[in-house]
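Read through the structure below, which is laid out as structure tokens, and then see the notes.
The values are calculated or read from the model by the stated rules, or taken from the named source; none is laboratory data. Because the structure is predicted, anything quoted here is derived from the model rather than measured. Don't worry about glycine lacking a Cβ; one is built from the backbone with ideal geometry, like all the others, and counts go over all protein chains shown.
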Amino acid sequence: MKKILKTVVTVIGWLVLLFAFSAIGFATDNPKLGVPLYILFFLLVFGGVYYYVMRQRHSSDNVSKTNPLFSKILGVISLLGALLMPYFIFAEINLPIMASIVMLLVTAVMIVIGLFSIRFINRAGDQILKKLIGYLVLIALASVPAIAAISYFLRYFNRAYDALGTTYWCTVVVAILSWWGLSLVGKKK
């Protein structure tokens with residue numbers, strides 16, 4: 001029974017993640033076409049990643065160890081991509097150079113705070129108060145893009161929805177790239 005419940009929860013979690021990512025389609029000119037196309041795109045991405053991971057698990061005995069230097073270089077490139085992603089995403093709205101520099105600094109600070117919060121949660125063990133503090137910091141960190149969208153980016157977009165959606169899309173990309181980069185840089189082999 002526990003295995004079935006775990007499977008159901010896992011499937012629901014993946015569906016929620018799929019629909020969250022496909023919500024990017026609402027920012028397109030034609031959401032009726034954009035959302036289904038993004039669902040299809042992310043289904044293919046998730047399927048490809050699942051296939052790759054399963055293949056790696058089954059062939060781990062035959063595969064030689066990856067070069068740790070290559071992993072670290074790939075991790076640094078991913079971290080640089082995470083730091084520069086806000087600039088690339090907001091490049092079309094012609095932000096002043098000072099705003100781009102501030103975004104770079106805020107992104108770096110958010111990555112560091114997120115890293116320390118996750119480490120704080122992971123090292124808390126059974127101490128619920130420490131875990132709660134870590135989660136509260138992450139929740140507060142998640143509100144920063146909304147504050148930035150409403151207080152600053154709103155003047156560059158036609159609708160508040162567009163400013164908020166673009167800001168959170170940028171945040172998701174930064175989070176994924178920085179998590180991947182940090183995990184590759186910190187990988188021990």
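Could you say whether any residue in region 153-176 is loosely packed, with under 15 Cβ neighbours inside 10 Å, part of a helix (DSSP H, G or I) and modelled with pLDDT of 85 or more? Yes, some residue in region 153-176 is loosely packed, with under 15 Cβ neighbours inside 10 Å, part of a helix (DSSP H, G or I) and modelled with pLDDT of 85 or more.
What are the residues in region 20-39 that are surrounded by 12 or more Cβ atoms within 10 Å (Cβ to Cβ) and over 15 Å from the mean Cα position of the chain (by Cα), if any? Spell out how you get there, then give the answer.
Step one: filter region 20-39 for residues surrounded by 12 or more Cβ atoms within 10 Å (Cβ to Cβ), giving 20-28, 31, 34-39.
The answer is Gly25, Phe26, Ala27, Thr28, Pro31, Gly34, Val35, Pro36, Leu37, Tyr38, Ile39.
Among the residues making up region 92-101, those that are surrounded by 12 or more Cβ atoms within 10 Å (Cβ to Cβ) and closer than 16 Å to Leu154 by Cβ are Ile93, Leu95, Ala99.
Under the condition of being among the polar types (S, T, N, Q), surrounded by fewer than 14 Cβ atoms within 10 Å (Cβ to Cβ) and either closer than 20 Å to Leu79 by Cβ or not assigned by TED's automatic domain parsing to the domain that holds Ala82 (or both), the residues counted in region 114-142 number 1.
Gly75 - would you say it is assigned to a helix (DSSP H, G or I) and at pLDDT below 80?
no
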